[in-house]
Amino acid sequence: MRRSAFGDSLRVSLLLALAALTGCASSRHAHQMPAADTAIPSSVNATPESVTDEIEEQDPEPSKEPTVSSLTLITNEKIAGWIQFFATMDRARFQRFLDRGQKYRKIVEDVLVENDLPPELFFLALIESGYQTHATSSARAVGVWQFMPSTGRRYGLQITSQIDERRDPIRATEAAAKYLRDLYNIFGSWPLAMAAYNAGEYGVIRSILKGKSRDYWTLVKMGVLPKETSDYVAKMMAAATIGADPDKYGFTLATVENYPELEAIGIPPRTHLSDLAKHSELSLEKIREFNPHLKGNRIPNHPSQYEIWFPKENAEKLHPHLTRLQKSPAPTPQWVSHVDSKSERTLPERTLHRVKAGENLTMIAKRYGTSTGYLVKVNSLSSSSRIYPGMKLRITSRTYQPQNIVRYRVKKGENLDRIARKFGLSARQVQEDNSLKRSRIVPGQILVIRK
């Protein structure tokens, strides 16, 4: 039987894009929620007038998103149904999601924005785990972003008997940002990229080939996506819609203490956490709070040092004691970053990159699935900084500094210049911060404002 030109070209383009993704075989699965407190039914049918009357029905066809950092929130019958479900039948649990997520919201949105990704993806993790750092699914997905072991390791997360970095909201968000960027580069659409995060890359490709469409909502209508995946994006958009205006739907955002400015301090192997608590003047409980990925009472048997998070003021108190801790005898390290189960070879950590001749920041960012802005931030470079062969660049963050970032929804009649003046900024700065090729904006668009 002769195949269509559409099928041939689509099959080739998608499989070539997928082949470019490191470790093509995806171990993501039709989403399985980790615990009772995070379980959301896979579908809802109720869409009472009390909610739908307040929602302007829009064409479910997604708009052409100009950049990877832009995600357009739409409303349709399916999304409205999930808004209604969260606001009524699942109100208490969804409020707990919001309360827990509020603690991590600034961390997650800052990391997403630094990676030139939409801050609304914060709500993808809310749907995944309800922002429980120790959430574990029946399929062994763990953490806020519910990484499977193989996918987590593929994106640089270390998983051993002593640590599980899937539980670290900062490192896991950095890994999720890389993965989501790769998925967007494959599918060119945030709804499809999010569907692939849930069902796996190959699962979505099979649905695209079967439905002969690259539009997520068309695939949903055709019923070619897995049942749970067909609701996944709608749940995320419903949660993001509520999160953008919780008062409208009867929710309140808890007042919580945001994460302080954090610094990753390299600690010698086998150092006891109680010693770190004493020297840093930070309680053992707080050390565990900022480092939920540590499983035991000691720093793991890393070949050299292992970095854990401390608030900046406590890190400064700890620094003078590091030399003594470094000289303390330690057993021969048995721990390695992780092992490839097929070849049993040790894989190197991906925290540093040595610049080679001819490389620039754009090339390096593309190699590691991140943005040039993120590399500039984690290496304390200025926009005019030059890199040179032999220079070492960090690929993962050494510090976390809360930023004063505002997400602003464009109102009818506003332009970029008027919004910029409102915040005491230039239109050019707002345009650059949002990776806008042109100054044209539209009502409802979300802009990131760095004050």
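The values are calculated or read from the model by the stated rules, or taken from the named source; none is laboratory data. A quick note: this is a predicted structure, and the numbers were derived from the prediction, not measured. Please note: Cβ atoms are built from the backbone with ideal geometry, for glycine as well, and neighbour counts cover all protein chains shown.
Given the criterion under 21 Å from PHE123 (Cβ atoms) and either assigned to a helix (DSSP H, G or I) or not assigned by TED's automatic domain parsing to the domain that holds ALA80 (or both), identify the matching residue among TYR202, TYR232.
From the options TYR202, TYR232, the qualifying one is TYR232.
Could we say that PHE86 is at pLDDT 75 or above, crowded, with 16+ Cβ neighbours inside 10 Å and farther than 24 Å from LEU219 by Cβ here?
Working: at pLDDT 75 or above: yes; crowded, with 16+ Cβ neighbours inside 10 Å: yes; farther than 24 Å from LEU219 by Cβ: no.
It is false that PHE86 is at pLDDT 75 or above, crowded, with 16+ Cβ neighbours inside 10 Å and farther than 24 Å from LEU219 by Cβ.
Restricting attention to the stretch 260-306, which residues are buried (at least 18 other Cβ atoms within 10 Å of the Cβ) and touching a Gly at 6+ places or on another chain (Cβ under 8 Å)?
Across the stretch 260-306, the qualifying residue is only TYR306.
Looking at this structure, is LEU253 outside any helix (DSSP H, G or I), closer than 20 Å to TRP82 by Cβ and either under 23 Å from the mean Cα position of the chain (by Cα) or assigned by TED's automatic domain parsing to the domain that holds PHE85 (or both)?
yes
Taking the stretch 283-315 as the region of interest, how many residues are touching a helix residue (DSSP H, G or I) at 6+ places or on another chain (Cβ under 7 Å), part of a loop (DSSP other than H, G, I, E, B) and at pLDDT 95 or above?
Number satisfying all stated conditions: 3.
Please state which of the following conditions GLY130 fails to meet, knowing it meets all the rest: (1) surrounded by fewer than 21 Cβ atoms within 10 Å (Cβ to Cβ); (2) small (Gly, Ala, Ser); (3) on the phi > 0 side of the Ramachandran plot.
(1)
Can you name the number of the only condition in (1) modelled with pLDDT of 95 or more; (2) over 13 Å from the mean Cα position of the chain (by Cα); (3) among the hydrophobic types (A, V, I, L, M, F, W, C) that LEU124 fails?
Failed condition: (2).
Looking at the structure I just gave you, is GLY152 crowded, with 24+ Cβ neighbours inside 10 Å and among the small types (Gly, Ala, Ser)?
yes
Do we have ILE186 as of a type outside the set (Lys, Arg), surrounded by 21 or more Cβ atoms within 10 Å (Cβ to Cβ), in a helix (DSSP H, G or I) and in contact with a strand residue (DSSP E or B) (Cβ under 9 Å, 6 or more places away or on another chain) here?
Spelling it out, it is not the case that ILE186 is of a type outside the set (Lys, Arg), surrounded by 21 or more Cβ atoms within 10 Å (Cβ to Cβ), in a helix (DSSP H, G or I) and in contact with a strand residue (DSSP E or B) (Cβ under 9 Å, 6 or more places away or on another chain).
If we keep just the residues of the stretch 382-393 that are at pLDDT 70 or above and closer than 14 Å to THR372 by Cβ, which is surrounded by the fewest Cβ atoms within 10 Å (Cβ to Cβ)?
The residue in question is ARG386.
May I ask you to say which residue of ALA176, ALA196, ALA172, ALA238 is touching a strand residue (DSSP E or B) at 6+ places or on another chain (Cβ under 8 Å), assigned by TED's automatic domain parsing to the domain that holds LEU71, in contact (Cβ under 8 Å) with a residue 40 or more places away in the chain and not in a loop (DSSP other than H, G, I, E, B)? Working first, answer last.
Values: ALA196 fails: touching a strand residue (DSSP E or B) at 6+ places or on another chain (Cβ under 8 Å); ALA172 fails: in contact (Cβ under 8 Å) with a residue 40 or more places away in the chain; ALA238 fails: touching a strand residue (DSSP E or B) at 6+ places or on another chain (Cβ under 8 Å).
After applying the criteria, what remains is ALA176.
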